1. With all protein chains present, how much of the accessible area of the chain (probe radius 1.4 Å) comes from carbon and sulfur, to the nearest whole percent?
2. With springs connecting C-alpha atoms under 10 Å apart, model the chain as a Gaussian network and identify which of 19, 102, 34 has the largest mean-square fluctuation.
3. Springs between alpha-carbon atoms under 10 Å, Gaussian network over the chain: tell me which of 110, 45, 79 tops the mean-square fluctuations.
4. Looking at the chain as a GNM with Cα springs under 10 Å, which of 51, 33, 18 has the largest mean-square fluctuation?
5. Taking R0 as 25 Å, what FRET efficiency do you get between residue 19 and residue 101 from their Cβ-Cβ distance, rounded to the nearest 0.05?
6. Taking the alpha-carbon distance from residue 77 and a cut-off under 18 Å, which aspartates and glutamates remain once sequence neighbours fewer than 8 residues away in the same chain are dropped?
7. Quick one: ranking 127, 15 by accessible area, 1.4 Å probe, largest first, what do you get?
8. Translational diffusion coefficient of region 32-141 at 37 °C, 0.692 mPa s, Stokes-Einstein with Kirkwood Rh over Cα pairs, in µm²/s as a whole number.
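The values are calculated or read from the model by the stated rules, or taken from the named source; none is laboratory data. Remember, it's a predicted structure, so these values are computed and weren't measured experimentally. Glycine also receives a Cβ, built like all others from the backbone with ideal geometry; neighbour counts cover every protein chain displayed. Areas reflect the complete protein model, heavy atoms only, side chains present, ligands, DNA and RNA absent. Shrake-Rupley method; radii C 1.70, N 1.55, O 1.52, S 1.80 Å.
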Amino acid sequence: MKNVLIPVDGSANALRAVHYMVEHIREYGPCTVHLLNVQLPIVSGSVLAFVSQEMIQDYYNDEAKAALADAKAALDKAGVQYEASMRVGPIAESVKAYASEHQCDHIVMGSRGLGAAGSLLLGSVALKVLHAVHIPVTLVN
């Protein structure tokens, strides 16, 4: 792993993926780390009619900042350099596009169990990423 993408959503599972990479870097040496948060687009016509595009972009930025905060703090504490980014769009497709654009050779991300409806939905994102990309993916529990 030389150029690794870690999609993060602010969850404990995503943070475990970050910690996994910190340990990997300690054991095997440095690599380029990319943190990516993907915000789903707001598509409601009624919201778009009453809220400016600038307000929506501010919302995306605030949500991404919150989702990335713990991951950035963990990497900062470990002394690992990284690039943090935010995208708006379908999650799996956005992860695939980012990995391709930045020539990532590996994706490390949190997985979810099937215990709760929220976990099922997030687990389906991991499954979609697995099917969408053509590079190795490590899922961290």
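1. The computed percentage sits at 56.
2. Largest GNM mean-square fluctuation: 102.
3. Comparing 110, 45, 79 in a Gaussian network model of the chain, the most mobile one is 45.
4. Answer for the Gaussian network model of the chain: 51.
5. So the FRET efficiency works out to roughly 0.45.
6. 23, 27
7. From most exposed to least exposed: 127, 15.
8. Approximately 213 µm²/s, per Stokes-Einstein.
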